[in-house]
Amino acid sequence: MFLNLLPVLVVLCVASTPLAARAATTFELKSVKIDLPDSDRMFPEGPGSDAINNNCLACHSAGMVLNQPALSKQAWTAEVNKMINNYKAPVAPEDVGTIVDYLTALKGAK
Amino acid sequence: MADDGVFHRMMTRRRLLAAASAAAAGAALSRPAWAQSMIDLPLPDGPGARQITTSFPQKGPMILQRTRPPLLETPFEVFDKGVFTPNNQFYVRWHWALIPTDIDTDKFALTVRGHVNQTLSLSLNDILHGLPSVQLSAVNQCSGNSRGFFQPRVPGGEWANGAMGNALWTGVRLKDVLDKAGVKPGAVQVRFKGLEEPVVADAPHFVKSLDIDHARDGEVMIAFAMNGEQLPLLNGFPLRLIVPGWYATYWVKMLNDIEVLNQPDTNYWTKVAYTIPDTPYASIKPGEAGVKMIPINRMVPRSFVTNMASGSKVNAAAPLRGIAFGGDCGVAGVDYSIDRGQSWRQAQLGKDEGKYGFRQWQTQLALPAPGKYSLLIRCTNSNGVAQPDTPNWNPAGFMRNVVESIDIIAA
């Protein structure tokens, strides 16, 4: 199945030696243009959903957060602060508590 | 594939797919129907539900972990089909969402700069036709592959075991490229950057560094082909750094900038993110503080059954097969146990496609009586390192390589 994919170039596959030097290749690359899908998924409605929708969708889609396991309030606080301090998420200071409470309500550890 | 080899979870998916295509036949709208098929990853305490998506260009059915920037996991049954992971189902992992979607091969250039005699700007033509080509099969595995199985759970990409793949990479040696620029005495590290850009201006660009001797070891390479074809854009077209035996965080995609440094790199992604406890198996106790952290580096051995899922009903004499890899060296052996580790038997290894790649293995089960069995699979690598029988834990969810176990029922 794999072999079907191969142009002539790769037919001499290398088993024991990790690398085989060969002459410069005749392989050619073709330009690529694609469209990536986007996500319009929002956070489930509830107290604080506006704050999280406004602050947490710029860099990654909601799936990043919604696929997370349940975490303690302390862990959610650390996550939000990591976004602000390490990744420069522009979160207004007054929204931090609201977002942490929203996440703890949605995905708080029991 | 034998009947008992069909994944239980995938059967659910197949039913959904069948239903989806039946619906599509009527409505002529196959994409939305496909987009609704789901998989349930067995992550402790969940959530494990994920879509199977076919919406990503140049990619086949993938487990959707995140749409933007894409995190796409390889459905596990793909690993049963061959030793090389097909490009269109090779997992995908990006950090920042500004990923160029239009790459003109005539305009693309790779810069080599910094502590070198002459700065270079290499065209794809210079790279493909101006330097000797080399080939190597190697496993590319996310540092956080299997993170979703950590207990207690940790935040991050919540992958099952499919954030890995094996390909035959064709490209040029990094050493040859560095020699062309002429590394000056006093160089200590080499830093790599791709075309992906942070969404927020002052956020840290994704860059990674290797020590100069590692960069010049003749094995680290710049790939322009994967399994004999150009890389899918989402896997790093047109050029990707290949760091055999090391975690994928170093395998910079859409590589366009190489900077030779005369002092150690202190950037966020090498110094702060992607660090592990400097302890055996990178393991600590949850909550343990004051541990020395070091950049993640070499991979460790792993092995998986690919033709049976946990919960399968099997024949007492069913064939058992799977894949293994040694991590930073080859596979010396794969052993399995049907009695919870009291005794081990050797599986038969398949063809050696190169020490950094997947190695297929197989055996014939001989289950003595009907009933439940817990099968254990253990790889020992050619440095004599075996998979541990207890799971490691660290706060980032890195380097899981515990002996895998699956529960089966003998008919």
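The values are calculated or read from the model by the stated rules, or taken from the named source; none is laboratory data. Quantities reported herein were computed from a predicted structural model and do not represent experimental measurements. In this analysis, Cβ positions are derived from the backbone assuming ideal geometry, glycine residues included, and neighbour counts consider all displayed protein chains. Side chains included, ligands, DNA and RNA excluded: accessible areas come from the protein's heavy atoms. Shrake-Rupley method; radii C 1.70, N 1.55, O 1.52, S 1.80 Å.
Return the carbon/sulfur percentage of the accessible area of the stretch A:49-107, one whole number, probe 1.4 Å, all protein chains in place. The partial results should precede the final answer.
Values: 1410 of 2610 Å².
Heavy-atom surface of the stretch A:49-107 belonging to carbon and sulfur, 1.4 Å probe: 54 percent.
If the stretch A:49-107 were replaced by its equivalent ellipsoid, with semi-axes equal to the square roots of 5 times the Cα gyration tensor eigenvalues, what would those be, largest first, whole Å? Could the numbers behind the result be given before it?
Numbers: eigenvalues 46, 33, 27 Å².
One finds semi-axes of 15, 13, 12 Å for the stretch A:49-107.
With N denoting the number of residues in the stretch B:56-133, provide Rg(C-alpha) divided by 2.2 N^0.38 Å, to two decimal places. Could you put the intermediate results ahead of the total?
On the way: Rg = 17.3 Å, N = 78, 2.2 N^0.38 = 11.5 Å.
Dividing the Cα radius of gyration by 2.2 N^0.38 Å gives 1.50.
For the stretch B:70-131, report the accessible area per residue in Å² (1.4 Å probe, heavy atoms, rounded to an integer).
36 Å²
Can you give the Rg/Rh ratio of the stretch B:145-277, where Rg is from the C-alpha atoms and Rh is the Kirkwood radius?
On the way: Rg = 15.7 Å, Rh = 16.1 Å.
Using Cα coordinates only, the ratio equals 0.98.
Under the Kirkwood approximation for Rh and a Cα-based Rg, what ratio Rg/Rh is obtained for the stretch B:356-409?
On the way: Rg = 14.3 Å, Rh = 13.8 Å.
When Rh is taken as the Kirkwood radius, the ratio is 1.04.
Taking a probe of 1.4 Å, how large is the accessible area per residue of the stretch B:302-410, in Å²?
On the way: 4450 Å² over 109 residues.
Result: 41 Å² per residue.
Okay, helix-only estimate at 222 nm for chain B: each DSSP H run of n ≥ 4 adds -39500 (n - 2.57), divide by all residues, round to 500 deg cm²/dmol; what do you get? Mind showing how you got there, number by number?
On the way: 6 runs with 49 residues, N = 411.
Using -39500 (n - 2.57) per qualifying helix, the result is -3000 deg cm²/dmol.
What's the average, rounded to a whole number, of partner chain beta-carbon atoms within 10 Å of each residue's beta-carbon in A:64-76? Mind showing how you got there, number by number?
Values: counts 10, 2, 2, 15, 7, 16, 5, 4, 1, 0, 0, 5, 1.
The shielding value for this peptide is 5.
Other chains' Cβ within 10 Å of B:129-138 residues: what's the mean? Present the calculation step by step, with values, prior to reporting the outcome.
Numbers: counts 6, 1, 3, 7, 10, 7, 12, 5, 4, 1.
Per residue, the average neighbour count from other chains is 6.
When only DSSP loop residues count, what GluC sites (Glu not before Pro) in the stretch A:18-110 have their Cβ near at most 10 other Cβ atoms within 10 Å? If you can, show how the numbers build up before the last one.
Working: sites: A:E28, A:E45, A:E79, A:E94; in loops: A:E28, A:E45.
Taking the stretch A:18-110 and a limit of 10 other Cβ atoms within 10 Å, the loop GluC sites (Glu not before Pro) found are A:E45.
For chain B, just say rounded, prolate or oblate: build the C-alpha gyration tensor, square-root its eigenvalues into a ≥ b ≥ c, call rounded for a/c under 1.5, and beyond that prolate if a/b exceeds b/c, oblate if not. Before the final figure, lay out each step's value.
On the way: a/c = 1.77, a/b = 1.42, b/c = 1.25.
It comes out prolate by the Cα gyration axes.
What share of Cα pairs, in percent, lie more than 15 angstrom apart in the stretch A:33-77?
On the way: 535 of 990 pairs.
Tail of P(r) above 15 Å: 54 percent of Cα pairs.
Just give the residues from the stretch A:22-60 buried by at least 50 square angstrom of accessible area in the all-chains context relative to the isolated chain, probe 1.4 Å, and say none if nothing qualifies.
The answer is A:R22, A:A24, A:T25, A:F27, A:L29, A:S31, A:V32, A:I34, A:L36, A:P37, A:C59.
Between B:M38 and B:I294, what length comes free when the chain is fully extended (0.36 nm per residue of separation minus the Cα-Cα distance, one decimal in nm)? Provide the component values of the computation, followed by the final result.
Numbers: separation 256, 0.36 × 256 = 92.16 nm, distance 3.77 nm.
That pair, B:M38 and B:I294, stretches by 88.4 nm at full extension.
At what distance in nm do the modelled label points of B:T390 and B:D104 sit from each other, each positioned 7 Å from its Cα along Cα→Cβ?
Those two pseudo-labels are separated by 5.9 nm.
Please report the orientation-averaged projected area of the protein assembly as shown, defined via the convex hull of its C-alpha atoms, in nm².
On the way: hull surface 101.4 nm².
Projected over every direction and averaged, the Cα hull of the protein assembly as shown covers 25.3 nm².
Which value results for Rg/Rh of the stretch B:213-332 when Rg is the Cα radius of gyration and Rh the Kirkwood radius based on the inverse mean 1/r? Walk me through the numbers on the way to the answer.
Values: Rg = 18.9 Å, Rh = 17.9 Å.
In the stretch B:213-332, Rg relative to Rh is 1.06.
If you take the accessible area of A alone plus B alone and subtract the pair, what total do you get in square angstrom, rounded to 100, with a 1.4 Å probe?
Numbers: alone 8960 and 17700 Å², together 21610 Å².
Counting both chains, the buried surface is close to 5100 Å².
If you roll a 1.4 angstrom probe over the protein chains with everything in place, what fraction of the accessible area of the stretch B:302-410 belongs to carbon and sulfur, to the nearest %? Write out the running numbers ahead of the final one.
On the way: 2070 of 4450 Å².
It is 47 percent, rounded to a whole number.
Give me the percent of Cα-Cα pairs in the stretch B:80-235 that sit more than 26 Å apart, rounded to a whole number. Walk me through the numbers on the way to the answer.
Numbers: 4391 of 12090 pairs.
In whole percent, the share of Cα-Cα pairs in the stretch B:80-235 beyond 26 Å is 36.
Sort the following peptides by mean Cβ neighbour count (other Cβ atoms within 10 Å, averaged over residues), highest first: B:342-350, B:225-233, B:118-126.
Working: B:342-350: 13.4, B:225-233: 23.3, B:118-126: 15.0.
Sorting B:342-350, B:225-233, B:118-126 by mean packing, highest first, produces B:225-233, B:118-126, B:342-350.
Per-residue counts of other Cβ atoms within 10 Å, averaged by peptide: what ranking do you get for B:332-341, B:127-136, B:352-361, highest first? Mind dumping the intermediate values first?
Details: B:332-341: 18.1, B:127-136: 20.9, B:352-361: 23.9.
With the highest mean Cβ count within 10 Å placed first, the list reads B:352-361, B:127-136, B:332-341.
Per residue of B:70-80, count partner chain C-beta atoms within 10 Å of its C-beta, then hand back the mean as an integer. Walk me through the numbers before you get to the answer.
On the way: counts 3, 5, 0, 0, 0, 0, 0, 0, 0, 0, 0.
Whole-number average of other-chain Cβ neighbours for B:70-80 is 1.
Give me the percent relative contact order of chain B, please, defined on Cα pairs under 8 angstrom at least 6 residues apart. Could the numbers behind the result be given before it?
Working: 994 pairs, mean separation 63.1, N = 411.
Relative CO of chain B lands at 15 percent.
Cross-link list A:K33/B:K81; B:K59/B:K253; B:K208/B:K292: which exceed 18 angstrom alpha carbon to alpha carbon?
Values: A:K33/B:K81 30 Å; B:K59/B:K253 16 Å; B:K208/B:K292 20 Å.
From A:K33/B:K81; B:K59/B:K253; B:K208/B:K292, over 18 Å: A:K33/B:K81; B:K208/B:K292.
Taking the convex hull of the alpha carbon atoms in the stretch B:282-404, what volume per residue do you get, in Å³?
Details: hull volume 15.1 nm³, N = 123.
Convex hull volume per residue, Cα atoms: 123 Å³.
Among the aspartates and glutamates, which have Cα under 16 Å from the Cα of A:K88 when same-chain residues fewer than 8 positions away are ignored?
A:E79, B:E197, B:D202
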